[in-house]
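The values are calculated or read from the model by the stated rules, or taken from the named source; none is laboratory data. The structure presented is a predicted model; accordingly, all values stated were derived computationally and were not measured. Every residue, glycine among them, receives a Cβ derived from its backbone with ideal geometry; neighbour counts consider all protein chains shown.
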Amino acid sequence: MAASSRAQVLRLYRALLRESQRFSSYNYRTYAIRRIRDAFRENKNIADSEKIEELLNKAKANLEVIQRQGTIDHMYATEKLIIERPGNT
Amino acid sequence: MLLWRRLAALRGERTPRRLRAGGPGPGPGPGRKSDGGGAPRPLYMDVQATTPLDPRVLDSMLPYLTAYYGNPHSRTHAYGWESEAAMEKARQQVADLIGADSREIIFTSGATESNNMAIKGVARFYKSRKKHIITTQTEHKCVLDSCRSLETEGFHITYLPVKKSGLIDLKELEAAFQPDTSLVSVMTVNNEIGVKQPIHDIGEICRAHKVFFHTDAAQAIGKIPMDVNNMKIDLMSISGHKIYGPKGVGALYVRRRPRVRLEPLQSGGGQERGLRSGTVPTPLAVGLGAACEVAQQEMEYDHKRISQLAERLVTKIMSEVPDVVMNGDQEHRYPVLAHQLLWSLPMFCGQLEQMKTWLTHLLDLALVVSLQKKKWIIQCRSAYST
């Protein structure tokens, strides 16, 4: 049970990060990646299985949001920000 | 526009296509492919003016812009019921953010309308007995303009001055009360320099004098914890597009116990407790609700992040740029990053070269630069991004 949970959590984490990379907007992309990383890091020591279940459901819901919004962001993409240019940070 | 061109010429660049004479270039929108060929977009630093939509907020709004398009006031069919349910859920989300009851939230078209409703509404309702209002000199234009229009109706207004730090003097506030004062209006966080007024104390003073306390919390909501009961607030204006929500929606909190009475500005079908008639825009209300919920969940995390970034920005500028003065109180402010930092830099003609170098870096950051005689006052409003 614990082993499959761990695998499940890692799978979700990787999926979330992968979907977040698809955002074309610099703001959304960097915020999503940072937030996901920090949220998983913050909750890594939780032992209560109910709480874990709740957090996993929240993560799954957020994954769906990111998938949908990533697609929309792509449809309405615009030029890159000046700081995304190579040589400008 | 001319200034941009001159400064761009200094850098040796051609002015971007959109700024050249000869009509507007192709605008933004779908179909405009970002092939990297167009001019790069500037970094957005004017977060005090408006914020981008959070993807979670847009996600919650889309169903109500596409499938669930019913009028929430249609009582007789499922389209109406589902819209109404969404609107009420949004109302509860807004109420939860400020510690209020959902029946105390009225949806409006923005903080400007909320401010107008609060100030003119309360003043006119109690005008038979109370004709005095207290506000500050640094309020938002809509508050000052509402007060000015009330003056033409026969009210008298006290505009309290602010100290050098931007905060009001509580003793002056106490002294300004008169037996016929009906309302005190002080904004929570200033939109120009980011100072946080002592709302707790002002609330106590107003409660003691039995005068209604209105606060324009547009910049404070979702960024610092607000509780209308702890802070003894009777009316509060909320703006959607300052908290990563949609533009065109806001809310007004109107206390029910003890009841605050308002004369409605907008007449019509009696929606929103009769205080603001008109169909509530369900997608916008849902967006505002979602923005409030996200803000509540992320408040602590965002505050930590913003404080780090603000610290870095202020320290670097104050230490490396000579002759800089930061406007506003150092301690009682919202970590300056989400608000405008106003610096005054004495600039003499001889230092133009230096200024040119600094400016070329800053120009890429979409700063607004205004020349005031020999002083450059750089308005730098910092970003939510990164």
Check: Which condition does B:Q93 not pass, out of (1) buried (at least 21 other Cβ atoms within 10 Å of the Cβ); (2) not in a helix (DSSP H, G or I), if it passes all the others?
Finding: (2)
Check: Of the residues B:R255, B:R261, which single one is more than 24 Å from B:Q48 (Cα to Cα), in contact with a Leu (Cβ under 8 Å, 6 or more places away or on another chain) and not β-branched (V, I, T)?
Finding: B:R255
Next item on the list: Would you mind stating whether B:L65 is modelled with pLDDT of 60 or more, closer than 25 Å to B:A285 by Cα and within 27 Å of the chain's Cα centre (by Cα)?
Entry: yes
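To keep it simple, each residue is scored yes or no on (1) touching a residue at least 24 places away in the same chain (Cβ under 8 Å); (2) more than 9 Å from the chain's Cα centre (by Cα).
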| residue | (1), (2) |
| --- | --- |
| A:E19 | yes, no |
| A:N27 | no, yes |
| A:R34 | no, no |
| A:E50 | no, yes |
| A:N57 | no, yes |
| A:I66 | yes, no |
| A:A77 | yes, yes |
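Each row is one residue, and each column tells you yes or no for (1) part of a helix (DSSP H, G or I); (2) among the hydrophobic types (A, V, I, L, M, F, W, C); (3) away from chain B (no Cβ under 11 Å).
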{"site": "A:D38", "(1), (2), (3)": "yes, no, no"}
{"site": "A:R41", "(1), (2), (3)": "yes, no, yes"}
{"site": "A:Q69", "(1), (2), (3)": "yes, no, no"}
{"site": "A:D73", "(1), (2), (3)": "yes, no, no"}
{"site": "A:T78", "(1), (2), (3)": "no, no, no"}
Next item on the list: Tally the residues that are polar (S, T, N, Q), over 19 Å from the mean Cα position of the chain (by Cα) and crowded, with 19+ Cβ neighbours inside 10 Å, restricting the search to segment B:159-197.
Entry: 2
Next item on the list: Take segment B:38-61 and flag every residue that is hydrophobic (A, V, I, L, M, F, W, C) and facing another protein chain (nearest Cβ under 9 Å).
Entry: B:A39, B:L43, B:L58
Next item on the list: Being more than 23 Å from A:K80 (Cα to Cα) and not aliphatic (A, V, I, L, M) is the filter; apply it to segment A:2-36 and report the residue that is nearest to the other protein chains (Cβ to nearest Cβ).
Entry: A:Y13
Margin query: Take the conditions surrounded by fewer than 23 Cβ atoms within 10 Å (Cβ to Cβ), polar (S, T, N, Q) and either over 30 Å from B:E300 (Cα atoms) or at pLDDT below 95 (or both) and apply them to B:S146. Does it pass?
Written below: no
